[in-house]
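As structure tokens, the structure follows; a few thoughts come after it.
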Amino acid sequence: MQKVARLTGLSPDYIDRTNLRIEIQRFTKELLRNERRTVGRIDARFLGIDRDAAGDEPEFDPSIAAIIGPYSGMLNDYVRNDQKFDSDLPYEVLTARVRPWNYAPYENRYVNVAETLRKAMTQNPFLHVFVAKGYYDLATPFFAADYTFDHLGLDPTLRSHLAGAYYEAGHMMYVHAPSLAKLKSDIAQFIKSSMPAGPAK
């Protein structure tokens, strides 16, 4: 209990009351409850303020609230002005029209696509995979990607086809300027290193 408390920042009492099963929405509410703040699920660097500090879950994700407006505006400007794509259709970002996602094939078990990835990489030995991992991403935690890669069961000759990098940001690391610059550099290097060698001259 003490070790989990140290690793999560939550109190041992709270961890005990959850039976060691800390659901992510409850975590984002509980972590800074004493300060009457919540943390973002998409990016834990963002803090929110709920009307009810005693609730079980945050009223909203402060990271989505901070990012969604500028992100949507930028994309709409880009597709209309740079790409010359004009449409009256609204740009849907995590709305009811794109959710709920269908998890029917995974009922009563965790979603695990590791075997699908292993098969794809085995069947196509030219496939290389890069995962950008944000330290503050609570939606797709970086350690989950590390764990998946470490337990993929990939043939040793293909292990070098897996690559990744860490960023001092959340799920959308490109909203953090230093992480954006690093991501650009990392992806350029990944593409360069993934290209097959040309014919000998």
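Taking the range 1-24 as the range and being within 21 Å of Ala139 (Cβ to Cβ), free of Cβ contacts under 8 Å to residues at least 12 places away in the same chain and not β-branched (Val, Ile, Thr) as the test, the residues that pass are Leu7, Arg21, Glu23. Per the conditions (1) at pLDDT 95 or above; (2) over 19 Å from His171 (Cα atoms); (3) within 25 Å of the chain's Cα centre (by Cα), the sole criterion not satisfied by Glu35 is (3). Within the range 28-58, being surrounded by 14 or more Cβ atoms within 10 Å (Cβ to Cβ) and in contact with a Lys or Arg (Cβ under 9 Å, 6 or more places away or on another chain) holds for Thr28, Leu31, Thr38, Val39, Leu47, Gly48, Asp50, Ala53, Glu57, Pro58. Of all residues in the range 19-31, those that are of a type in the set (A, V, I, L, M, F, W, C) and farther than 15 Å from Ala5 by Cβ total 1.
Rundown of residues vs (1) within 20 Å of Lys182 (Cβ to Cβ); (2) free of Cβ contacts under 8 Å to residues at least 24 places away in the same chain; (3) surrounded by 10 or more Cβ atoms within 10 Å (Cβ to Cβ), yes/no style:
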| site | (1), (2), (3) |
| --- | --- |
| Val93 | no, no, yes |
| Arg99 | no, yes, no |
| Asn108 | no, yes, no |
| Val113 | no, yes, yes |
| Asn124 | no, yes, yes |
| Tyr136 | yes, no, yes |
| Phe142 | yes, no, yes |
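Mind checking which residues of the range 6-27 are surrounded by 11 or more Cβ atoms within 10 Å (Cβ to Cβ) and among the charged types (D, E, K, R)?
So the first thing to find is which residues in the range 6-27 are surrounded by 11 or more Cβ atoms within 10 Å (Cβ to Cβ), and the list is 8-12, 14-16, 18, 22-27.
Once the filter is applied, which keeps residues that are surrounded by 11 or more Cβ atoms within 10 Å (Cβ to Cβ) and among the charged types (D, E, K, R), the range 6-27 yields Asp16, Glu23, Arg26.
Please determine, by comparing only the residues of the range 160-180 that are of a type in the set (Ser, Thr, Tyr) and touching a residue at least 12 places away in the same chain (Cβ under 8 Å), which one is nearest to Val129 (Cα to Cα).
Let us first name the residues in the range 160-180 that are of a type in the set (Ser, Thr, Tyr), namely 160, 166-167, 174, 179.
Now narrow it down to the ones that are touching a residue at least 12 places away in the same chain (Cβ under 8 Å): 166-167, 179.
Working: Tyr166: 15, Tyr167: 17, Ser179: 19 Å.
That would be Tyr166.
Among all residues of the range 71-79, there is none that is among the β-branched types (Val, Ile, Thr), under 23 Å from Tyr136 (Cα atoms) and either at pLDDT below 90 or surrounded by 12 or more Cβ atoms within 10 Å (Cβ to Cβ) (or both). Filter the range 161-201 down to residues that are within 21 Å of Thr122 (Cα to Cα) and surrounded by 14 or more Cβ atoms within 10 Å (Cβ to Cβ) and give me whichever is modelled with the lowest pLDDT. The extreme case among them is Ser194.
The values are calculated or read from the model by the stated rules, or taken from the named source; none is laboratory data. Since this is a predicted model, take the numbers as computed values, not measurements. With ideal geometry, Cβ positions are generated from the backbone for all residues, glycine too; neighbour counts draw on all protein chains shown.
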